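Below is one structure, written out as structure tokens; the observations come after it.
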Amino acid sequence: MRETTSDINVCIAGTGSYVPARILTNAELAVMVDTSDEWIFSRTGIRERRIAAKDEFTSHLATNAAVQALTQAGLAPEDLELIILATITPDTLTPATACYVQQRLGAHRAVAFDISAACSGFLYAMKICKRLISDGAFNNALIIGADKLSSITNWEDRATCVLFGDGAGAAVLRRSKPGEGAIIATEMGTDGNLTHILSVPGGGTACPITPDNVNDHLQTLSMQGKEVFKVAVNRMKEAAEMVIKRAGWQAEDIACVIPHQANRRIIDAIADRLAVPNERVFINLEKYGNTSAAAVAIALDEAHRTGVFKRGDHIVLVVFGAGLTWAAAAIRW
Ligand code: ACO
């Protein structure tokens, strides 16, 4: 019988992650702005974050994570067919950061491009690649979430600078072989009415960089934290419920939920609403803060490498970010 796209499952064959060596603690931040470890930890769950060196670009972070994912998948760079890199902090506006990664990996056959969906980018890339592989357009793909948020952080604004960090996470996707896992369901959404509550206003065509607006920090992230918080909880809950329902699972069937690592209170609220016990929710934001597109990808890799879930387990990834954007995936590992 002819194989149809619905017969073709797509699995995650390898994961990888990388964070820069430099650790910036809450205590150090308390010297830079009027804050404290107590305030930051109690409001966010973050203790420290990683900061990339001046000459360490998003493409370097991404390449390091990608090498690990390819190695674990047993895929040679020259056999890679597609690279999608999600970032809001590209090395250059053009070419895409994925092109630098392709060159560094030696993945000369791979089509490479970036997508911009802020913290939701890794799961947007996952959905795109799942479809392109199951449609037969590509046999395999590398998805990467990588961000150097320290480069767009206003280090004088205590309301935002305590939240962010740098890092990258990656995964290799390919057709599943019999008995292997599968990405069962994916969901994504966008609300462009809420562009204003989380953005980098300067640096694009709407507000080109000038000395004046650099003085006003318009090239850095600005955020209405409380508004983002409310929408994030509702949209992540809905997206997660949607993929759980489509997968035909109940809350008790889920071995691990891996949410976007932005704020411990947001994660606890989601876990509550999904009725998943806290011990099945993977959290590493204490060490890294919010690394945007990288956050869920780093968490997936850490959970995988430390044996938090095993072959056959049901896991749910769920994210939100600027746009506002949100996405979720239900995966049988
Ligand atoms: N240290 C000490 N005090 C602070 C700090 C700080 N770092 N930051 C703010 N405050 C003060 C405020 O000035 C305010 O003081 P006031 O009451 O005298 O006016 C008080 O603390 C409370 O501030 P709120 O903003 O109301 O604090 P809130 O409890 O909402 O927590 C937070 C702020 C942590 C930012 C929260 O709103 C949040 O996590 N929101 C979601 C953020 C998020 O997830 N963003 C995702 C970005 S993802 C992306 O796409 C890059």
Gaussian network model of the chain, Cα within-10 Å springs - most flexible of GLY181, GLY74, GLY145 = GLY74
Listed residues PRO201, ILE51, ALA141: farthest to the positive end of the dipole of the chain (Cβ charges) | ALA141
If packing is taken as the mean number of other Cβ atoms within 10 Å per residue, what is the order of 57-63, 327-333, highest first?
-> 57-63, 327-333
Enter the angle in degrees (range 0 to 90, nearest 10) between the Cα long axis of helix 225-247 and the first principal axis of the Cα atoms of the chain, meaning the one along which they spread out most.
-> 0
Whose amide H sits under 5 Å from the amide H of VAL10, counting only residues 5 or more places off or on another chain, with H placed in the peptide plane?
-> SER176, ILE183
Fluctuation leader among ARG104, ARG43, ARG175 - the chain, Gaussian network, Cα springs under 10 angstrom = ARG43
For helix 58-73, report the angle its Cα long axis makes with the longest principal axis of the Cα atoms of the chain; keep it between 0 and 90° and round to the nearest 10°.
-> 30
Give me the Debye-computed log₁₀ of I(q)/I(0) at q = 0.06, 0.10 Å⁻¹ for the chain, equal point scatterers on Cα only, no solvent, two decimals.
-> -0.19, -0.53
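Direction-averaged shadow area of the convex hull around the Cα atoms of segment 10-179, nm²? Spell out each step's value before the answer.
Values: hull surface 42.8 nm².
Taking a quarter of the hull surface, the average projection is 10.7 nm².
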Highest mean first, what order results for 205-212, 87-94 on Cβ atoms within 10 Å?
-> 87-94, 205-212
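We did not get these values from a lab; they are worked out from the coordinates using the rules stated. This structure is a prediction, so every number in the text was calculated from the model and none was measured. Note that each Cβ is placed from the backbone with ideal geometry, even for glycine, and that neighbours are counted across all protein chains shown.
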